[in-house]
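The values are calculated or read from the model by the stated rules, or taken from the named source; none is laboratory data. Model, not experiment: these values are computed from the prediction. For neighbour counting, all protein chains shown are included, and Cβ atoms are generated from backbone atoms with ideal geometry for every residue, glycine included. In case anyone asks, the SASA skips ligands and DNA or RNA and just uses the protein heavy atoms, side chains included. Shrake-Rupley method; radii C 1.70, N 1.55, O 1.52, S 1.80 Å.
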Amino acid sequence: MDHHGGHDMGGMHGMHGMDMNMPPFTLGRGLEFSGDPFFVTGCLVALALYGWGVVRLRRRGDRWPVGRTVAFVLGVATVWLVMNTKLNDYGMVMFSVHMVQHMVISMLSPILVLLGAPVTLTLRALPAAGRGRKGPREWLVALLHSRYMRIITHPVFTIPMFIASLYALYFTPLFDFLMETRTGHIAMMVHFLAVGLVFFWPIMGVDPGPHRPGYVMRMLELFAGMPFHAFFGIALMMSSEPMIETYRNPMASLGIDALDDQKAGGGIAWAFSEIPSVVVLLALAYQWYRSEQRQARRSDRQAERDGDKELADYNAYLASLQARGH
């Protein structure tokens, strides 16, 4: 098989503003701006709405942690990085670059966005509709408590979906079908982001949710999904021929071998599964510590109140004895 043959990808190159003779990939070239209208709009709208929520709270005199704002902005910035730069263009013709996109948007972006607590901010920023009426805030609360939300955030759903996003997509013709059109490619990337959000939300999300197990169970949920990422990467690295039809015949100007590029992509998938695991474990450990601290403070306050009540009861008892003595 000639791995350096020209590869006709239909109308996709023109559609993404790409030259049919793209130069070899470099990091500097990959980070050049190349906006996808869908993701440019999505990122700007997300930042604008979050900023509106923070400003609304500040004007009301409420505090909003700076760390949460930083985390959310970084989360949106990572989506921008992989979808609104030349990385997105090269991801169409190089499997290794596509895998960087996939790993970032499905595992790093969701974690940072969730640490920004956008749902909590929305609930605090939106005004209550008033007695007997339903506004955006009430609809959001109803959605959070709905059966639908309980299902899609339950580990019986999230873990298989997280795994299927790898195996059922890349090892079937579905991936090639989606890569044929811009709409299909956008749908795939939105799917990666959504799956990452529903997988990590019950594990380490700050926002309220219908499924929130104890910290030990959250860690088990995390480790239940991560090994499959590693196995997926190893399968790609050990393959003796290109497995993804879209990337089987890269254009000669890229100067790459399809099998070497696939092995690089597999290595990225294998290595990247470790990074979010460490970040999530650190976030979980911190949340666990904060939870224990809050519980301890509550217990101290309760003990103090109980002590004050006992003292008041004892004083009242002494006062009654004294009154009887008189």
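Could you list which residues have their amide H under 5 Å from that of THR85, counting only those 5 or more apart in sequence or on another chain, with H placed in the peptide plane?
The answer is SER34.
In the chain, if the dipole is taken from +1 on Lys/Arg beta carbons and -1 on Asp/Glu beta carbons about the Cα centre, which of MET188, ALA230, TRP201 is farthest to the positive end?
TRP201
Using a 1.4 Å probe, how large is the accessible area of LEU174, given in Å² and rounded to the nearest 10?
Ignoring ligands and nucleic acids, LEU174 comes out at about 80 Å².
Charges only on Cβ, +1 for Lys and Arg, -1 for Asp and Glu: so what's the dipole of the chain about the Cα centre, in debye to the nearest 20? The partial results should precede the final answer.
Working: 28 positive and 25 negative charges, 469 e Å.
My answer is approximately 2260 debye.
Return the Rg/Rh ratio of segment 176-326 with Cα-based radii and a Kirkwood Rh.
Working: Rg = 29.1 Å, Rh = 20.9 Å.
Rg/Rh: 1.40.
On a full-extension model of 0.36 nm per residue, what is the gain between LEU321 and ALA77, subtracting their alpha-carbon distance, rounded to one decimal in nm?
Gain in length upon complete extension: 80.7 nm.
With a Förster radius of 30 Å, plug the Cβ-Cβ distance of LEU174 and MET226 into 1/(1 + (r/R0)^6) and report the FRET value to the nearest 0.05.
With a Förster radius of 30 Å, E is 0.85.
By accessible area of protein heavy atoms, probe 1.4 Å, what ranking do GLU180, GLU138, GLU32 get, highest first?
Largest accessible area first, the list is GLU180, GLU32, GLU138.
Sequence gap at least 6, Cα distance under 8 Å: using those rules, report the relative contact order of the chain to the nearest whole percent.
Values: 388 pairs, mean separation 79.0, N = 326.
Reported as a whole number, the value is 24 percent.
With r as the distance between the Cβ atoms of VAL190 and ARG56 and R0 = 25 Å, compute the FRET efficiency 1/(1 + (r/R0)^6) and round to 0.05.
The pair ARG56/VAL190 has a calculated efficiency of 0.35.
Can you pull the semi-axes for the chain, root of five times each eigenvalue of the Cα gyration tensor, sorted largest first, whole Å? Let's see the in-between values first.
Details: eigenvalues 527, 99, 55 Å².
Its equivalent ellipsoid spans semi-axes of 51, 22, 17 Å.
In square angstrom, rounded to the nearest 10, how much accessible surface does LEU47 have for a 1.4 Å probe?
70 Å²
Are there any trypsin sites (Lys or Arg not before Pro) in segment 105-159 that are in a DSSP loop and have at most 10 other Cβ atoms within 10 Å? List them by number. Could you put the intermediate results ahead of the total?
Details: sites: ARG124, ARG131, ARG133, LYS134, ARG137, ARG147, ARG150; in loops: ARG131, ARG133, LYS134.
Answer in residue order: ARG131, ARG133.
State the extension gain, in nm to one decimal, for the chain segment bounded by ILE275 and VAL45, taking 0.36 nm per residue of separation less the distance between their alpha-carbons.
Values: separation 230, 0.36 × 230 = 82.80 nm, distance 2.81 nm.
Computed gain between ILE275 and VAL45 is 80.0 nm.
Once you place label points 7 Å from the Cα toward the Cβ at LEU282 and SER240, how far apart are they in nm?
Result for the modelled spin labels: 4.3 nm.
If ARG182, ARG63 are ordered by their accessible area, calculated over protein heavy atoms with a 1.4 Å probe, which sequence runs from highest to lowest? Mind dumping the intermediate values first?
Values: ARG182 70, ARG63 185 Å².
Largest accessible area first, the list is ARG63, ARG182.
Roughly speaking, what is the stretch gain from ARG298 to ALA164, that is 0.36 nm per residue apart minus the C-alpha to C-alpha distance, in nm to one decimal?
44.0 nm
Starting from the Cα coordinates of segment 112-207, work out the convex hull volume and express it per residue in Å³.
124 Å³
Treat each spin label as a single point 7 Å out from the Cα along the C-beta direction, and report the TYR148 to VAL216 distance in nm.
It works out to 3.6 nm between the two label points.
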